[in-house]
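**Student:** Take a look at this one; I'll ask things after.
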Amino acid sequence: MTTAPPSNPLARVFRYVLRVPLLLWHLGIHLPIVLLLITPLTAGLHSGGKRLDHRLIHWWSAGMMHIFGFRLRRVGTPLPGATVFVANHVSWIDIVALHSQRMMGFVAKREIAGWPLIGWMALRAETIFHQRGNQESLGGVLHEMLARLRAGRSVGVFPEGRTRDGREIGPFHARIFLAAVEAGAPVQPVALRYGEHASAQHIVAFQPGEAFFGNFLRLLGEPSRLAEVHFLEPIAPGDADGRRRIAELARERITAAMTA
């Protein structure tokens, strides 16, 4: 991965002047409209062959990406139906990037529920919250994942278990793949690449000591750059021997895509 050039301070100020009003409009006008239309009463409605609530989440998420200066590019095709999508993880923006392409109920750390805006949206976007280090919580997460997959719904997970600094992809925890094995559902690895040739992974990532709000504000002032969502070759039920091998294959494919 190459290193992105440093940001010009004056250019950063200009980007804030341009983007803050767009962000406020997206949050103050577009978000209430989306939330009004994402209700149990509208869940069965379809638009253009897709569920209306899912289409609205795609649209709103893509809007957020554009406001933050990301030019979205999708590579490959997300599987339909019950699928476990697994991706590398560097920042909160990963969830927005994935939702801009495919609706999936994420497994996320419980702390996200308390994040301004993102936590609220996560609740409305079918997120499954997990308390790290709590085996009882993990058991509940796996049970919910299995129920959703058997109901024909998709789930998104970050099997590294936490965000990284963008310079490496950590080991994948195999237990999170148990639901896919028991449900007989395919696993599709997804590589999230920021910047040309993934040159901005470490910039998008949380910096040492940086909390959500700090990362949010910093990214809002960053230069425009590419955000690629690579839907890779899926791992079909029976293609791999057990959850550990699935975890290894998924990580291998994502790692290869990050350097391609």
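Each value in this text was obtained by applying a stated rule to the coordinates, not by laboratory testing. On a predicted model such as this, the values are computed, not experimentally measured, just so you know. Heads up, the Cβs are rebuilt from the backbone with ideal geometry, glycines too, and the neighbour counts pull from every protein chain shown.
**Student:** Taking amide H positions as placed 1.01 Å from N in the peptide plane, with prolines and chain starts having none, which residues 5 or more places from Phe106, or on another chain, fall under 5 Å of its amide H?
**Tutor:** The list, which skips near neighbours in sequence, is Thr127, Ile128, Gly156.
**Student:** Considering amide H positions built from the backbone, and no H for Pro or chain starts, which residues 5 or more places from Ile235, or on another chain, come under 5 Å of its amide H?
**Tutor:** Correct list: Val187, Gln188.
**Student:** Given only helices, namely DSSP H runs of n ≥ 4 each adding -39500 (n - 2.57), what is the per-residue ellipticity at 222 nm of the chain, to the nearest 500 deg cm²/dmol?
**Tutor:** So the calculated ellipticity at 222 nm is -12000 deg cm²/dmol.
**Student:** Taking the Cα centre of region 9-258 as the origin, how large is its charge dipole in debye, to the nearest 20, when only Lys and Arg (+1) and Asp and Glu (-1) carry charge on their Cβ atoms? Kindly include the intermediate steps, with their values, before the conclusion.
**Tutor:** On the way: 29 positive and 19 negative charges, 83 e Å.
With only Lys, Arg, Asp and Glu charged at Cβ, the dipole is about 400 debye.
**Student:** Now, a different point. Round to the nearest 0.05 the FRET efficiency obtained for Glu252 and Arg150 when R0 = 25 Å and r is the Cβ-Cβ distance.
**Tutor:** 0.35
**Student:** Here's another thing I want to ask about it. Whose amide H sits under 5 Å from the amide H of Leu72, counting only residues 5 or more places off or on another chain, with H placed in the peptide plane?
**Tutor:** Long-range HN contacts for Leu72: Ala227.
**Student:** Same structure again: Please list the helices of the chain that count as membrane-span-like by this rule: a mean Kyte-Doolittle hydropathy of at least 0.5 together with Cα atoms stretching 18 Å or more along the helix axis, each helix being a complete DSSP H run.
**Tutor:** Qualifying helices, which must be both long enough and hydrophobic enough, are 9-25.
**Student:** I would also like to ask the following. Calculate how many DSSP beta bridges within the chain are antiparallel, expressed in % of all such bridges and rounded to the nearest 5.
**Tutor:** Here the antiparallel bridges make up roughly 30 percent for the chain.
**Student:** Would you mind getting me the FRET efficiency between Leu24 and His173? Use the beta-carbon distance for r and R0 = 35 Å, nearest 0.05.
**Tutor:** 0.35
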